[in-house]
Structures are given as structure tokens and as C-alpha cells.
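Notes follow once the structure below has been shown.
The values are calculated or read from the model by the stated rules, or taken from the named source; none is laboratory data. The structure presented is a predicted model; accordingly, all values stated were derived computationally and were not measured. When we count neighbours, we look across all protein chains shown, and the Cβ atoms used for this are built from the backbone with ideal geometry, even at glycine. Ligands, DNA and RNA are stripped out before the accessible areas are found, and what is left, the full protein with its side chains, is counted by its heavy atoms. Shrake-Rupley method; radii C 1.70, N 1.55, O 1.52, S 1.80 Å.
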Amino acid sequence: MKRLLVANRGEIAVRIIRAARDLGIATVAVHSTADAAAPHVRLADTAVEIGPSPAGKSYLAADTIIEAARAAGADAVHPGYGFLAERAAFAAAVADAGMVFVGPDASVIDQMGDKVRARQVAAAAGIPTIPGTAAGVADLAAGVAAAGEIGYPLMLKAAAGGGGRGIRVVDDEAGLREAFGTASKEAAGAFGDGRMYLERYIRRARHVEVQVLGDGADVVHVGERECSLQRRRQKMVEEAPSPGIDADVRTAMTAAAVRLARAVGYRSAGTVEFLVDDETHEFFFIEANTRIQVEHPTTELVTGIDLVAEQLRVAAGEPLRLRQDEIAARGWAIEFRVCAEDPARDFLPAPGRVGRVLLPAGPWVRVDTWLEPDSAVPPFYDSLLAKLVVWGEDRHSAIRRSRRALGELTVEGVPTTAGLFADLLEEPWFGTGTFHTGTLEQWLRDRREAAS
Amino acid sequence: MARHEIVSPIPGVFYRRPDPDSDPFAAEGQLVTAADTVCLVEVMKSFHQVAAGAAGTLIEFLVENEDVVEAGQPVAVIEPTVIEAG
């Protein structure tokens with residue numbers, strides 16, 4: 001690999017360009033009109049303008065990007081995350097053009113991208129998925145029989161319904177007997193189909209994911225990340241390791257992730273996501289992501305492994321350099337996604353001119369960003385300004401350092417989510433790590449009510 | 001009565017349809033109520049509906065589908081329905 005085209009923008013383009021340069025690989029940036037003066041353009045050896053500002057006409061223009069790569073003499077393409085990163089057709093087109101796609105094969109992206117197929121692969125590899133009925137059940141007797149297999153509490157939903165409509169949670173067989181008839185009748189009335197799906201309901205679930213690295217033959221895991229703090233399914237704060245799982249769960253979950261990656265002959269960095277039942281400590285496969293993830297630096301800080309550099313090495317044809325017994329997590333890392341959104345106005349996106357910018361630094365503080373003083377946050381792309389990632393020898397010192405680092409951060413001109421994180425750090429439940437996927441939204445609701 | 005300009009409250013990309021496969025929210029010449037959505041503006045991957053803001057006839061759109069708009073930029077014009085005083 002001599003010359004790498006980075007098919008992305010923002011902080012991840014900067015991140016990838018840095019990893020490539022650290023390895024002595026030349027880099028080609030691509031950019032839209034709005035990003036002509038962006039740092040990733042300046043940091044790369046060469047840059048190509050690929051289209052107007054809206055992403056659909058630039059960063060999502062697969063053919064234009066491949067043509068730019070060819071014209072620039074690139075022999076590899078890194079897709080980053082988002083945009084074209086998990087489009088199997090793009091991976092295939094890059095390979096067809098005679099270049100290396102930094103990621104798994106198109107067929108693996110396809111397999112993992114389809115949730116139903118991914119669950120089938122996981123089940124075949126002996127990895128638990130959330131228990132439920134594969135098809136709808138037509139009557140109460142069938143429902144009670146299925147519930148015996150699935151276990152309580154469970155969720156009852158119309159087989160034909162979409163979204164959250166008509167979902168009921170029942171705690172036991174008596175509850176199921178009471179709810180089934182009405183729910184089924186409602187479904188029949190609304191959708192012309194009275195069949196019901198039954199699925200295990202997890203009252204308090206954590207979202208924990210395992211980082212894997214594969215070279216197509218062998219696979220290692222690089223530990224887990226806790227990603228339960230979400231708003232509208234968008235992660236806001238992540239950490240490594242997870243404060244919510246014990247050694248037994250960790251061992252079983254990381255082994256399951258490796259098994260799944262092996263089953264598909266995984267090459268590159270990937271993530272296997274699980275839901276963990278906080279009460280029973282059971283874990284269930286949800287999905288696999290075939291890209292480098294936003295929150296990958298937390299894993300890097302606790303393991304000392306540059307995941308993007310490993311992606312590039314594997315893509316260049318090298319075998320994995322690390323054996324499983326050489327990978328260990330040390331200390332604790334927390335990442336805060338600083339976004340141009342206004343928490344006081346329901347997280348309204350806030351593009352605009354940025355004035356002064358002061359970024360935190362000092363021991364064990366890392367900021368992955370594209371933000372510079374006197375620049376503009378364009379309205380066309382996601383709102384992520386910077387990832388503030390801190391390391392500490394344990395969770396407590398990582399939290400203390402987070403407080404210090406957030407205090408050093410200044411962004412003038414646009415509202416950001418940074419102030420919210422300062423408050424979050426003072427919450428007892430955050431301090432003790434006792435939260436689940438619903439906690440952050442509940443906290444935001446409580447704050448809103450207290451303020452009004 | 002003065003014409004009513006519908007302005008985009010945010011910068012972003014202007015869309016006339018809820019999604020590429022659907023019909024436009026409103027056609028030129030169509031009657032709309034104040035609460036009717038007439039377009040979407042996409043900002044940072046989130047979509048914001050823009051309401052007519054006045055009842056009347058939507059005379060014309062001032063920007064094309066997928067144009068980039070600024071905050072406060074007029075995107076359409078409404079000829080308000082005149083309600084005669086009793």
C-alpha cells in the first residue's frame with residue numbers, strides 16, 4: 001500500500017490520514033465545496049474536489065470517488081464510518097477498479113448488513129440472539145406454548161405492525177392470558193392480521209460491543225466498550241471497559257464475538273454489538289458493524305493499539321501482528337461526543353461560524369477533531385465537532401480527568417453538548433456506572449421538567 | 001393583503017417531497033392552511049418540516065428542490081386567503 005484515498009471528511013478523515021502518515025503511506029483527501037478549507041484537505045498529500053456541498057453529490061458519489069482514486073494513483077481506499085463505509089456495492093466497486101478496500105469483503109458486508117442474515121449466522125455460531133417467535137402466533141394456546149420457551153417478561157406485538165404500535169409488556173402467564181385476546185383483536189382491526197410476535201423483554205439493557213480484528217484467517221478481540229448512554233439511539237458517551245459486566249460475561253461475550261467473526265472469515269476491524277440484561281446478566285447478539293467506529297479511541301487508549309493502523313496493515317496483506325495473549329486492557333477510557341447541537345432546544349442542530357476554539361490537552365487527554373478557530377460548521381454533515389477522550393488508571397480517575405478536560409474546552413459561536421457532559425459527570429448514577437440504555441433519556445426528561 | 005413569504009428557519013438543503021418516492025408536499029397554485037407542511041430542510045442529517053405559516057394559495061416556490069438555503073431565506077410565497085370583515 002503506497003497511496004491511500006480517504007473517502008470521508010471531518011474528524012475521522014483526519015484520524016485516518018494521521019494513521020496512514022504514521023505508517024509512511026501517502027494520502028489523498030476528497031472534499032466537497034463546503035470542505036475546501038477543511039483540515040483533512042490540508043493534512044493529506046493531495047486533495048480532490050468531488051462535488052457540491054450536499055453529501056449525496058459528494059461524499060456519497062461512489063463513482064466519482066473511485067474515479068478520483070484512480071486518477072490520483074491510489075492503490076487503496078479507506079471509507080471511514082458513515083457515508084459509503086458499509087455499502088457492499090462500494091467495496092466491490094473499489095476492488096473491481098483494482099484497488100484495496102480497507103474493510104471486509106463486499107460479501108461479508110452484505111452478510112452482516114442484513115439483520116436477519118446476521119442473526120442467522122450468529123445463531124449458527126452458537127451465539128445467543130434475543131429469544132422470540134420467528135413467525136407470528138395465531139392464538140393464545142400457541143402464545144402460551146411459545147412463551148414457555150422464550151421466558152418472561154416478554155413483549156407482545158402485532159406481527160403485521162410497525163414501529164412501537166400496540167406493544168404490550170407482560171410479566172407472566174396470567175398477564176399473557178389477559179393481554180393476548182385484546183392485543184390480537186386490535187391487531188386484526190388495525191392490520192387485518194391478528195397474529196402476534198412474542199419476544200423477550202429486557203427491562204434494563206446495556207449496550208456493550210466487542211471490538212474485533214481479523215486478517216481473513218485469524219481473529220482476535222480487543223476488549224469491549226460500554227455504549228449504553230444514548231439519546232434517540234445516538235451514542236453520546238462511551239467507555240472502555242464496561243462498568244456493567246463481570247469477568248464471566250466479558251469472557252463469554254468476547255469469545256462469542258470472535259466466533260462470529262471467524263465464522264464469516266472476517267478481515268479488518270469490526271464490532272459485534274450485544275444487549276446485556278442487567279438483571280440476569282444474559283447477553284444477546286444485536287448486530288455487527290463492518291467499519292471502524294466513532295468510539296474506537298476508547299479501546300485504543302486502554303490497549304495501546306492503533307486500530308486504524310491495524311486496519312491498514314491487514315488491508316495491505318499483512319497477517320495480524322497481535323496474538324490474543326498479547327492484548328490487555330489497562331485503566332479506563334471515556335469518550336464524549338462534542339456536537340454542534342443545542343441541549344436547551346431539544347438538541348437542535350447548530351451549524352454556523354465558530355470563533356475562538358480552545359481544546360483540552362495535557363496528560364492522557366486526546367481530542368479527535370476537525371474543528372479550528374475562525375472556521376464554519378457546515379449544515380450538510382453530521383454535528384460531531386470533536387471527540388474528547390480521556391484515560392485514567394481507573395474509572396474514578398478517568399472521571400476526574402474528564403472534569404478537568406471538559407473545563408478546558410471552549411468553542412465560541414455555536415452551542416455544543418459539552419456543558420451537558422459536565423453536569424453528567426456529577427450524577428451519582430454515572431459515578432457508579434449504574435445505568436442502562438434508557439437512563440440518559442430519562443435524565444434529560446427529568447432535567448427538562450425541572451427547568452420548566 | 002400582503003403576500004406571505006415562507007422562510008427557512010435553518011440553513012440546509014431544501015426538499016419539496018417527504019422522501020424521493022412520494023409526491024411533493026404542495027404544488028404551486030394549491031390552497032394550503034397555515035399548519036400545512038410545504039417543504040423540508042435537512043440540517044446535519046436531521047429533517048425539519050417547514051409549515052406554510054399562513055392560509056392561502058401557494059403562488060410559487062423561490063428555490064429548486066435540493067437547493068442549499070440559508071437561515072431566514074424565503075423559499076415560497078403565499079397569497080393569503082382574504083377573510084371579509086362581517
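Here are the numbers for this structure:
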{"read-out": "FRET efficiency, residue A:141 to residue A:117 (Cβ-Cβ, R0 35 Å, nearest 0.05)", "value": "0.65"}
{"read-out": "Degrees separating the helix A:10-22 axis from the principal Cα axis of chain A, which is the longest one", "value": "60"}
{"read-out": "Largest to smallest principal axis extent of the C-alpha atoms in region A:140-200, angstrom", "value": "27, 21, 15"}
{"read-out": "Gain in span if fully extended, residue A:89 to residue A:252, counting 0.36 nm per residue against the direct Cα distance", "value": "55.3 nm"}
{"read-out": "Degrees separating the helix A:395-408 axis from the principal Cα axis of chain A, which is the longest one", "value": "50"}
{"read-out": "Region A:140-200, relative contact order in percent, only Cα pairs under 8 angstrom and at least six apart counted", "value": "43"}
{"read-out": "Rounded to whole Hz, the Karplus (6.51, -1.76, 1.60) HN-Hα couplings of region A:132-149, x for glycine and proline", "value": "x, 7, 5, 10, x, 9, 8, 9, 4, 4, 5, x, 5, 4, 5, 5, x, 6"}
{"read-out": "Student exercise, region A:196-313 dipole from Lys, Arg, Asp, Glu Cβ charges, in Debye to nearest 20", "value": "400"}
{"read-out": "With 5 Å bins from 0: P(r) over region A:1-149, alpha-carbon pairs, percent", "value": "2, 9, 17, 17, 14, 9, 6, 6, 6, 5, 4, 3, 2, 0"}
{"read-out": "Centre separation in Å (Cα based) which lies between region A:185-234 and region A:384-452", "value": "24"}
{"read-out": "Complex-versus-alone comparison for region A:371-394, residues with a loss of 20 Å² or more in accessible area, probe 1.4 Å", "value": "A:379, A:380, A:381, A:382"}
{"read-out": "Simple Cβ-charge dipole of region A:3-102, Lys/Arg +1 and Asp/Glu -1, about Cα centre, in debye nearest 20", "value": "180"}
{"read-out": "Gain in span if fully extended, residue A:81 to residue A:397, counting 0.36 nm per residue against the direct Cα distance", "value": "110.7 nm"}
{"read-out": "The protein assembly as shown: antiparallel DSSP beta bridges as a percent of all, rounded to 5", "value": "85"}
{"read-out": "More than 21 Å apart - percent of Cα-Cα pairs taken over region A:260-366", "value": "58"}
{"read-out": "Accessible area per residue, Å², chain B with all protein chains present, probe 1.4 Å", "value": "56"}
{"read-out": "Inter-centroid distance (Cα atoms) of region A:76-128 relative to region A:247-302, Å", "value": "16"}
{"read-out": "Delta accessible area of at least 20 Å² on complex formation, residues of region B:27-61, 1.4 Å probe, chain isolated as reference", "value": "B:43, B:44, B:45, B:48"}
{"read-out": "At 1.306 mPa s and 10 °C, Stokes diffusion of region A:341-391 via Kirkwood alpha-carbon radius, µm² per second", "value": "129"}
{"read-out": "Proximal charge balance of residue B:44 [Cβ under 11 Å; K/R count +1, D/E count -1]", "value": "-2"}
{"read-out": "Relative contact order of region A:1-118, pairs being alpha-carbon contacts under 8 Å that are 6 or more residues apart, as %", "value": "24"}
{"read-out": "Projected-area mean, region B:4-80, by convex hull of Cα positions, square nanometres", "value": "4.3"}
{"read-out": "Whole-number accessible area per residue in Å² for chain A, which is evaluated in the context of all protein chains at 1.4 Å", "value": "41"}
{"read-out": "Charge dipole of region A:14-127 about the Cα centre (unit charges at C-beta), most positive-ward option of A:29, A:60, A:113", "value": "A:113"}
{"read-out": "Ratio of Rg to Rh over region A:205-451 (Cα coordinates, Kirkwood Rh, two decimals)", "value": "0.97"}
{"read-out": "Interface size B-A, as summed buried accessible area [1.4 Å probe, Å², nearest 100]", "value": "900"}
{"read-out": "Carbon and sulfur %, accessible surface of chain A computed with the full protein complex present, 1.4 Å", "value": "50"}
{"read-out": "C-alpha long axis of helix A:439-451 to longest principal axis of chain A, angle in °", "value": "90"}
{"read-out": "Computed label-point distance, nm, for sites residue B:48 and residue A:36 using a 7 Å Cα→Cβ extension", "value": "2.6"}
{"read-out": "Over region A:130-231: Kirkwood hydrodynamic radius from C-alpha pairwise inverse distances, Å", "value": "15.4"}
{"read-out": "Of the trypsin sites (Lys or Arg not before Pro) in region B:3-86, those whose Cβ has at most 16 other Cβ within 10 Å and which sit in DSSP loop", "value": "B:3, B:45"}
{"read-out": "Largest to smallest accessible area among A:157, A:115, A:185 [probe 1.4 Å]", "value": "A:185, A:115, A:157"}
{"read-out": "Efficiency of FRET between residue B:23 and residue B:62 - r from beta-carbon atoms, R0 22 angstrom, step 0.05", "value": "0.65"}
{"read-out": "Along principal axes, Cα extents of the protein assembly as shown, largest first, whole Å", "value": "85, 67, 50"}
{"read-out": "Value of relative contact order over chain A, rounded to a whole percent, pairs C-alpha under 8 Å and six or more apart", "value": "14"}
{"read-out": "Computed [θ] at 222 nm, helices only, for chain A once each DSSP H run of length n ≥ 4 contributes -39500 (n - 2.57)", "value": "-10500 deg cm²/dmol"}
{"read-out": "Total charge dipole magnitude, region A:205-451, about the Cα centre, Cβ charges on Lys, Arg, Asp, Glu only, Debye to nearest 20", "value": "420"}
{"read-out": "Hull volume in cubic angstrom per residue (convex hull over the Cα atoms of region A:258-302)", "value": "103"}
